[in-house]
Amino acid sequence: MTSYKNIDWRIAALGVLAIMITLAITPMSWLQLLANLTAVALLASAQRWPILSGLAMVALFVFISGVEDARGLAIILSAPFLVSLIAMVGRPRFAAGIAVAIGYISSTSPFTGRWIPNDFTSVAVYVVALTAGWWGGIYLRRQRLQHAAHQQQLRNELEERRERLAQVLHDSVATTLTSVVMRAETLALTSIDNEQARETAEHIADETRQAMQEVRHLLHFMQENENVSAPILNRTIGEQIAVTTRPLVSHGFIIEGADSARSCDWSFPPGFEQVFTELSTNAIKYAVPGSVIEMRINKEEAGLRCTMRNTVRAARGASHLSSQLGLQESRSVVSRYNGTFNAHRIGQEWVVEFTVPEQALRC
């Protein structure tokens, strides 16, 4: 069974508008106005309290059958809508009972001893209206349930398809990366006389293992939690610096100042791996090939200060390389944890500095 948690104020507004229009055309007594407003309130609350509203409407019809001055067209017409609303929230049998009770009470008057209707034509028309309201409520509920089931089926199919694609992606990427690791390790073992080639092959193998780990982490994240914007990588500062400097070294750059951070067991807040990816990508794109890149992490009283400095090449960098983050987003990530971020050019050097408060670091 499905019921709404809130009162439908749209129905209340339409009911009050109908009463105001009626007042503008024909005047009504205070008793009629009170009875009409009561009927509107019952309609507005029927989806929240269907049984209570139905019983109250029956009591209202009993009241107006004994007090003719309170009878009004708005009350008579509200009954089919009430029956429809009750049926629509999953109470068709109760709605049918309410329709029978209201139909009988509206055509008779136990207070005057009239137990049999004397105008069967009017009774037939009203019964048709009540029946139409009852059937309409059942139909709308069936349509709503079918739509909800269809939407759920689509979500299930999309989830199954996503899991299948993720599994295929994992198998394909894992196979390819495993092959790259084996070839790189073989190249490192056979390049005994070429120290630079051996180191490059070892870097390729390390980077490939790291890429495989991140792909598995991402796929696991996609299956477990689809509402979070990005997976959180649990890297220490030393591991992060190692991951950042490997592609720089493999591209021929000389890294200085990073050794002091490799033994640090703290971790940056979530999202900082993207900041370092952006810094590394920018260095590859714009730094002079084979130049020195200075990367330092210093402990200060308030936290950590990270500095990256490189010489900018005169020609335009490789535009096809991009981390898809940007310096502005990097600044936003750092600011999110009450840090500061500055990127500026000093002569022929590009300098990026950012600070991280100690309370934002993870142990």
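The values are calculated or read from the model by the stated rules, or taken from the named source; none is laboratory data. Since the structure is predicted, the reported quantities are computational estimates derived from the model, not experimental observations. Neighbour counts run over all protein chains shown; Cβ positions are idealised from the backbone, glycine included.
Pairs meeting the criteria (first residue in segment 72-85 and in contact (Cβ under 8 Å) with a residue 12 or more places away in the chain and on the phi < 0 side of the Ramachandran plot, second residue assigned to a helix (DSSP H, G or I) and β-branched (V, I, T), beta carbons under 7 Å, at least 6 apart or on different chains) are A74/I19; A74/T22; I75/I64; A79/I102; V83/I98. Looking only at segment 335-361, count how many residues are surrounded by 15 or more Cβ atoms within 10 Å (Cβ to Cβ) and in contact with a Pro (Cβ under 9 Å, 6 or more places away or on another chain). The total comes to 5. Applying the criterion of being surrounded by 11 or more Cβ atoms within 10 Å (Cβ to Cβ) and among the charged types (D, E, K, R) to the residues of segment 132-174, the residue that is nearest to the chain's Cα centre (by Cα) is E159.
Please enumerate the residues belonging to segment 79-101 that are of a type in the set (G, A, S), surrounded by fewer than 24 Cβ atoms within 10 Å (Cβ to Cβ) and within 9 Å of W134 (Cβ to Cβ).
A96
Checked against the criteria, T244 does not count as out of contact with any helix residue (DSSP H, G or I) (no Cβ under 9 Å at 6 or more places or on another chain) and β-branched (V, I, T). Filtering segment 250-273 for residues that are in a helix (DSSP H, G or I), under 38 Å from the mean Cα position of the chain (by Cα) and closer than 13 Å to N310 by Cβ leaves an empty set.
Can we say E185 is assigned to a helix (DSSP H, G or I) and modelled with pLDDT under 70? Yes, satisfied.
Identify the residue in segment 20-43 that is polar (S, T, N, Q) and surrounded by 15 or more Cβ atoms within 10 Å (Cβ to Cβ) and, among all such residues, is farthest from A96 (Cα to Cα). Once the filter is applied, the top-ranked residue is T22. May I ask you to list the residues in segment 44-77 that are in contact with a Leu (Cβ under 6 Å, 6 or more places away or on another chain), modelled with pLDDT under 90 and either buried (at least 23 other Cβ atoms within 10 Å of the Cβ) or of a type in the set (S, T, Y) (or both)? Within segment 44-77, A46 is the sole residue that qualifies.
Based on what the data block shows, is R10 of a type outside the set (D, E) and exposed (fewer than 15 other Cβ atoms within 10 Å of the Cβ)? Yes, satisfied.
On the stretch given as segment 270-297, residues that are within 16 Å of A360 (Cβ to Cβ) and surrounded by fewer than 19 Cβ atoms within 10 Å (Cβ to Cβ) total 2. In segment 252-278, which residues are at pLDDT below 80 and more than 16 Å from N298 (Cβ to Cβ)? Of everything in segment 252-278, just one residue is at pLDDT below 80 and more than 16 Å from N298 (Cβ to Cβ), namely D265.
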